[in-house]
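*Asks:* Let me give you the structure first, and then I'll get to my questions.
The values are calculated or read from the model by the stated rules, or taken from the named source; none is laboratory data. This structure is a prediction, so every number in the text was calculated from the model and none was measured. Cβ atoms come from the backbone with ideal geometry, glycine included; neighbour counts cover every protein chain shown.
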Amino acid sequence: MRPTTPADSPPVIVVEGLTAGYGDLIILENVSFEVYPGEILVILGGSGCGKSTLMKNLIGLYKPLAGRVLIKGVDVNSHDETELRQLRRNVGVAFQSGALFGSMTIAENIALPLREYTTLAQETIDRLVRLKLSMVGLAGYDHHLPGELSGGMQKRVGLARALALDPAVVFFDEPSAGLDPVTGVELDLLIKDINAAMGTTMVVVTHELLSIFTIAHRVVMLDKGERGIIARGDPRYLREHSTDPRVWNFFNRQPSFSRGGENRYGQKNL
Amino acid sequence: MALADNMTKTPADAAHCSVVAEGEQGREITLRLAGRISLDNRHLLAAKIKALLRHYAPHRLTVDLGGIEFLDSAGALLLVELEEVARTASLPCDFVRLSEASRRLLNLIDRQALAAPPLKALAPPGFLDQVGQITRTILHDFFALISFAGELLRALVQAFLHPQRVRWQYVLFYMKRVGVDALPILGMMSLLLGLVMAFMSSLQLKQLGATVFVSSLVAIAMVKELGPLLTAILVAGRSGSAFAAEIGTMMVNEEVDALVVMGFNPMHFLAAPKVLAAMVVVPLLSAYAILIGILGGIIVGVTLLDLTLFTYVNETRKAIDLFDLISSLFKSLVFAIIIAAVGCQRGFQVKGGAEAVGAFTTSAVVTGIFLIIVVDALFAIALHYIG
């Protein structure tokens, strides 16, 4: 269900002239882009470029200083409770470190959105929880507490919780960071499978190159100095053809700490 | 666009799925599923399928998935369940005309994992288990407190032997936090306490014509008991809890582990400055509370009881002696150690997450106040015999 060309259906997420920051500190200025149905869009960039700030603005945790974010036509900072609830029902967010509720078991954590938004019988909820757990490779951990699981496992439970309602839009903050390489790849494949099977629109914040090339249909690259987007498009195309040295260096793993015109491998910087 | 978008799942979706059975009763039938099968309408579909199977009681089942427009994982689970039902009834069951998307989704479902029991049973502990666990916790708590007291004592002795190694800037910081910042609220409370005590006692003493004793009553009560006690309870609530929460959060964030591996002694680094700061400022706070309390008494005495300022102060001076004051400030010093030590110790006990921080913060205040009352009683008995 991968979109053939992005423009053939109306976008799911529209970011219009977004300016974000904290107080007087502007991190992103006048950023605009769209995410189309069934697309996996990766937001990338070096440390401190505002990836997480952008993500928090996209999901409505922070209020933008200017501009707006629409998901399915609804402003994420809307004051209409019904509209917002409908929006939350259709949006899942997997946080960087899981953000599990420490006092609830794993099963209760995943069942929470199911209990809130559906009227399913307990038995069905239990089965759905087990299904989600088996999807992230953690079958059997139903009754454990988050504190009893490793960091990577907690993160995967967070992913399972974000997918509990099979939302139409899912946000992932660094899904494979801090996981062992095998589990990281498995998660990437799971993300791809879910996207392909249910046409879920996904926005992923990551800087793992392998992950980007595996899952991304399209990327948006942010830069700290520019306070905005410096590249967008297919990551494979950008790797080969970008003329911007910052973009080229990122995709070709070139260090950018200042050294004359040459990097430490003796190659000339573009 | 907006919410009418075809990807939005609402209960109205119920109308967007259908199941039709074709075939003969008792023979082979085909179930044709169509539309959107999702979390919101799977229960309707499940009921319909169940009714159809009961009605037709087929020998062979073919499920045609060609008409499915959208299937989410809850819908896919329904198909897996249908397959299971068929298998238990030893009914041959085939899925035909799967779309690529549906096939991928069904492949994601690990049937073995669904059937496997959880690794850990969720059994509430029995009565004996609970008694045993509580006993163990209490004993463990007791030993932990003793060993903490020992370590703290060692850290304090070291601080006195090598004062240059104490992190004095933190001691000053906590002196401000525990002491200076508490002045307004403590002043307010002591003043009101002094006022109320003087006023209430004057109502009784007036009948005996002994209003002049209001001053000694307020003085003795504030100096011997209420001043140090009020201060200690306030500091336990304000600062004991803050110490526990601060160290507890550091435990959760592995900051304490980081200190250990960098060669710092957490007791020295985190607990000692807090305890030292409390030891300095809590007796001072007590003296302040006593003074303000007596001031409250003076206000009532001078304005309502026709006592002169000179008489009131003179009576107050006669009622208490230096020994009372010094023993009371020493008591405050002991309270300070208890509050700060319990706060830090509870903080170091935190394991797990946010909930544990809350539990141990509560425990820091409760244990702190409990120990203060016990020690206060011991002091009352000891001072009775010494004085």
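Yes/no per residue for (1) buried (at least 17 other Cβ atoms within 10 Å of the Cβ); (2) more than 14 Å from every other protein chain (Cβ to nearest Cβ); (3) part of a helix (DSSP H, G or I):
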site	(1), (2), (3)
B:PHE335	yes, yes, yes
B:VAL342	yes, yes, yes
B:GLY347	yes, yes, yes
B:GLU355	no, no, yes
B:SER363	yes, yes, yes
B:THR367	yes, yes, yes
B:ILE373	no, yes, yes
B:ILE381	no, yes, yes
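*Asks:* Okay, next question. For residues that are more than 30 Å from B:GLU69 (Cβ to Cβ), among the hydrophobic types (A, V, I, L, M, F, W, C) and crowded, with 19+ Cβ neighbours inside 10 Å, tally how many sit in region A:175-199.
*Replies:* First, the residues of region A:175-199 that are more than 30 Å from B:GLU69 (Cβ to Cβ): A:176-185.
Cutting the leftovers down to among the hydrophobic types (A, V, I, L, M, F, W, C) gives us A:177, A:179, A:182, A:185.
If we keep only those that are crowded, with 19+ Cβ neighbours inside 10 Å as well, we get A:179.
Residues flagged as more than 30 Å from B:GLU69 (Cβ to Cβ), among the hydrophobic types (A, V, I, L, M, F, W, C) and crowded, with 19+ Cβ neighbours inside 10 Å within region A:175-199 amount to 1.
*Asks:* OK, next. Of the conditions (1) touching a strand residue (DSSP E or B) at 6+ places or on another chain (Cβ under 6 Å); (2) touching a residue at least 24 places away in the same chain (Cβ under 8 Å); (3) not basic (Lys, Arg), A:ASP75 satisfies every one except a single condition; which number is it?
*Replies:* (2)
*Asks:* Can you say whether B:LEU139 is within 24 Å of B:VAL374 (Cα to Cα), crowded, with 16+ Cβ neighbours inside 10 Å and not assigned by TED's automatic domain parsing to the domain that holds B:ILE339, as far as the supplied structure shows?
*Replies:* No, not satisfied.
Results for (1) in contact with a Cys (Cβ under 9 Å, 6 or more places away or on another chain); (2) crowded, with 23+ Cβ neighbours inside 10 Å; (3) among the hydrophobic types (A, V, I, L, M, F, W, C); (4) in a helix (DSSP H, G or I), shown as yes or no for each residue.
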residue	(1), (2), (3), (4)
A:PRO11	no, no, no, no
A:VAL14	no, no, yes, no
A:ALA20	no, yes, yes, no
A:ILE27	yes, no, yes, no
A:GLY38	no, no, no, no
A:VAL42	no, yes, yes, no
A:ASN57	no, yes, no, yes
A:LEU61	no, no, yes, no
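Residue by residue, here is whether (1) facing another protein chain (nearest Cβ under 10 Å); (2) closer than 26 Å to B:ALA101 by Cα; (3) touching a Gly at 6+ places or on another chain (Cβ under 7 Å) holds:
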residue: A:GLY98; (1), (2), (3): no, no, yes
residue: A:THR118; (1), (2), (3): yes, yes, no
residue: A:THR124; (1), (2), (3): yes, yes, no
residue: A:GLY137; (1), (2), (3): yes, yes, no
residue: A:PRO181; (1), (2), (3): no, no, no
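*Asks:* I would also like to ask the following. Within region B:206-228, does at least one residue satisfy the condition of being under 30 Å from B:GLY358 (Cα atoms), among the aliphatic types (A, V, I, L, M) and in the same structural domain as B:VAL357 (by TED's automatic domain parsing)? I'd like the intermediate steps shown before the answer.
*Replies:* First pass over region B:206-228, keeping only residues under 30 Å from B:GLY358 (Cα atoms): B:226-228.
Subset that is among the aliphatic types (A, V, I, L, M): B:226.
Filter once more, so that each one left must be in the same structural domain as B:VAL357 (by TED's automatic domain parsing): B:226.
So far as region B:206-228 goes, yes, one or more of its residues are under 30 Å from B:GLY358 (Cα atoms), among the aliphatic types (A, V, I, L, M) and in the same structural domain as B:VAL357 (by TED's automatic domain parsing).
*Asks:* Give me the pairs, please: first residue somewhere in region B:87-112 and more than 14 Å from every other protein chain (Cβ to nearest Cβ), second residue anywhere and part of a helix (DSSP H, G or I), beta-carbon distance under 6 Å, and either six or more positions apart or on two chains.
*Replies:* B:CYS93/B:GLU83; B:CYS93/B:ALA86
*Asks:* Next question, about the same structure. Considering only residues that are facing chain A (nearest Cβ under 7 Å) and in a helix (DSSP H, G or I), which ones fall in region B:113-146?
*Replies:* B:ALA113, B:LEU114
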